[in-house]
Amino acid sequence: MPLWRHVEKILEYLENASTKRIGIYGEAQVGKSTVLKMLNNCFYPTLSSISLTYDAVIWVDFPSKDSEDAKKNMQLQILRSIYGKEEQSSRHNATRINEALENAKYLLILDDVYEKVDLAGLGIHDDHKFGQVVIGATGKGVLNLMKVHESILIEKLECHDAEEFFKECLGLESGVDLSLVQPYMKKIIELTGGHIGALVGIANFMKGLGTYKTNLSVWSAVVLNLQLPNSPQKLELGALEKAYKLSYDALKDDDMKKCLLYVALFPVGYRAHTSYLVECWKAEDFLQDYNTFKEARAIGYTICCKLTETHLLEWSGEEHLKMPLIFRKVALQIQYPGDVGENKILVRNILERGNHPSEQDWNTAKRISLMCGELDSDFLPNCPMYSNKLTLLLQKNPKLRDIGDQFFINMGNLRVLDLQRTGIIGLPKSISALGHLKCLYLNDCSSLGRLPTEMEKLNQLELLDIRRTLMRCLPREIWYLKTLRCLRISVCDSLHSKKIMMVSQPSCFSREFFLKLKFLEELTIDVDPLTPDKRLIVDQIQEVLREAVHQHYLNVTWEPNEFIALTASQSNREEITTINNLKHANQLEITEASTSTTNSQHTEGTKEWVQKRFHDN
């Protein structure tokens, strides 16, 4: 009810057609996104009980700070809402949006805005007579820059409202005598300041104890816990730190805790794709009971859902997750279950030279994240010591061009190496030392033209992504990666030039290719929408794969329609095993690069049939 009052206020403002811009703001996790979601749901046909109507209600998540082109990202979200399907990016996005909406009655909802948005640049103009925009922002300053007509402050819950909310989270029935626990409840709300995420976390912890409704010692213990001094790390979060730690402790499964803590490796506000997270979790053996990618994606998505229910992670759109700022500060201080010794995590945003890690940082950290910054070769040590590293995230550092010859020598236990969107021109020979590497991301490395012959030593590699690089042919080194389960390639480089990867040649998908990669589960081929003669290239790839099927190199089911997709036939599973010696059914995709701009690692492995529609550019 407290949050609903804000929704009612917004609806009141929207009734006035001259009120074009409305903003809401407030500190982290006071319920801004919840208010906007409730507003959005007001216009869902089966839920609506209001008279206000729109031709279109458009939801847009503001891109995270690492996004290469936030404007294009938001335009594609708008176009997808308008047309109900994936839309290709073009120079005319703003014009298309303007033409579609200039005479329409629409409501645009922008969530999680942290800097000024040029609405006109998106195609949303002030002279749209029937258009209105609601903006959720981190501060009022952003709303002032965007010249909103009305603004609403979302504050922490007042004591009475917080008490009602806490009772609901705890499942305390109305009419039950709560006189004995009332003082403890009020103290908990006082200590947490009515913070929604903290109250949810405490409720989850208490419900896990079972006897919390009548056991006063449970209530007393929670209050005492919240009053304990801050951790030695001096986070200065007061009771909020302890509240989130209680929520974390309420998770019973150690592997789920590891999955959660892994998300803290990403920068503040970073939206991580669920599919990418699951691939990293699998590589680190957090999902060790699930061997295939399909199984891992299914259970991984379930874990994502459970973690968002606890408010320890938040959905950002349908397929991305982010970690609340307050819990991220706590999570970076928590040791992974099963780890021995002090916490060994290095997370830093390299924006200036004074912020680079020390040699000791490099030598002792198990998991390192230096992504989305100004990292260059000078920041990397020549040869970090100790072989305890499990994850190394260096992606989205365009100035990183060279990696020292000895850099990987002592990283034999590394499981995840992400170099996507860096400026690297090659990989050092020491890559051969990564005998336990499971995932290698090289996609969007626009200066990378080859793979070293030492790649054949990666005898546990399961995922390789080389989409949108300068490689013009399918590297022969891939044939030696006998444990490969997921391969992603492109038919042109990231510069949209005429250098077309020769995957359309029969030799690329020969009988020998499929026999060598006998564990292959997923093969994704990107076709860039700006490639000249795109349709001809797609037809050639189709023909090569048809020939592979005809010659029994591969047994698949072909979808005889405009979708260009291949997936293994479940009914012929035994025949596949006989012909290709496959343990698992193959999944092949031909997709457009534009369908994966939000997250370049995305592969829809949990779906039975993978279908990607091609549209003419």
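The values are calculated or read from the model by the stated rules, or taken from the named source; none is laboratory data. Every value quoted in this text rests on a predicted model; they were computed, and no experiment measured them. Virtual Cβ from ideal backbone geometry, glycine too; neighbours counted across all protein chains shown. Only protein heavy atoms, including side chains, enter the accessible area calculation; ligands, DNA and RNA are left aside. Shrake-Rupley method; radii C 1.70, N 1.55, O 1.52, S 1.80 Å.
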(message) Just to make sure I understand: if all protein chains stay in place, what is the order of 159, 439 by accessible area at 1.4 Å, largest first?
(response) 159, 439
(message) With every protein chain left in place and a probe of 1.4 Å, what is the accessible surface of residue 325, to the nearest 10 Å²?
(response) 70
(request) Answer rounded, prolate or oblate for the range 139-293, using the Cα gyration tensor with square roots of eigenvalues a ≥ b ≥ c: rounded when a/c is under 1.5, else prolate when a/b is larger than b/c, else oblate. (result) oblate
(request) Considering the options 299, 179, 250, tell which one lies farthest towards the positive end of the dipole of the range 171-306, charges being +1 on Lys and Arg and -1 on Asp and Glu at the Cβ, about the Cα centre. (result) 179
(request) Sort the range 251-368 into rounded, prolate or oblate with this rule: let a ≥ b ≥ c be the square roots of the eigenvalues of the Cα gyration tensor; rounded if a/c is under 1.5, and if a/c is not under 1.5, prolate when a/b is larger than b/c, oblate otherwise. (result) prolate
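Once the other residues with Cβ under 13 Å from the Cβ of residue 103 are scored (Lys, Arg +1; Asp, Glu -1), what is the net sum?
Net charge in that neighbourhood comes out at -2.
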(request) Per residue of the range 193-203, in order, report the coupling 6.51 cos²θ - 1.76 cosθ + 1.60 (Karplus, θ = phi - 60°) as ³J(HN,Hα) in whole Hz, putting x for Gly and Pro. (result) x, x, 5, 4, x, 5, 5, 4, x, 5, 4
(request) Calculate the dipole size of the range 268-360 relative to its Cα centre from +1 charges on Lys and Arg beta carbons and -1 charges on Asp and Glu beta carbons; express the result in debye to the nearest 20. (result) 280
(message) Given Cβ point charges of +1 (Lys, Arg) and -1 (Asp, Glu) and nothing else, what value in debye, to the nearest 20, does the dipole of the range 139-218 about its Cα centre take?
(response) 300
(message) Given the whole protein assembly as supplied and a 1.4 Å probe, what does the accessible area of residue 519 come to in Å², nearest 10?
(response) 50
(message) Rounded, prolate or oblate, given the Cα gyration tensor of the range 283-345, with a/c below 1.5 counting as rounded?
(response) oblate
(request) With +1 on each Lys and Arg Cβ and -1 on each Asp and Glu Cβ, and nothing else charged, work out how big the dipole of the range 165-291 is about its Cα centre, in Debye to the nearest 20. (result) 360
(request) Can you pull the one-decimal nm distance between simple spin-label points at residue 516 and residue 385, each 7 Å off the Cα toward Cβ? (result) 4.0
(message) Probe radius 1.4 Å, ligands and nucleic acids ignored: give me the carbon and sulfur share of the accessible area of the range 100-217 as a rounded percent.
(response) 50
(message) At 1.4 Å probe size, put 348, 328, 297, 450 in order of accessible surface, largest to smallest.
(response) 450, 348, 328, 297
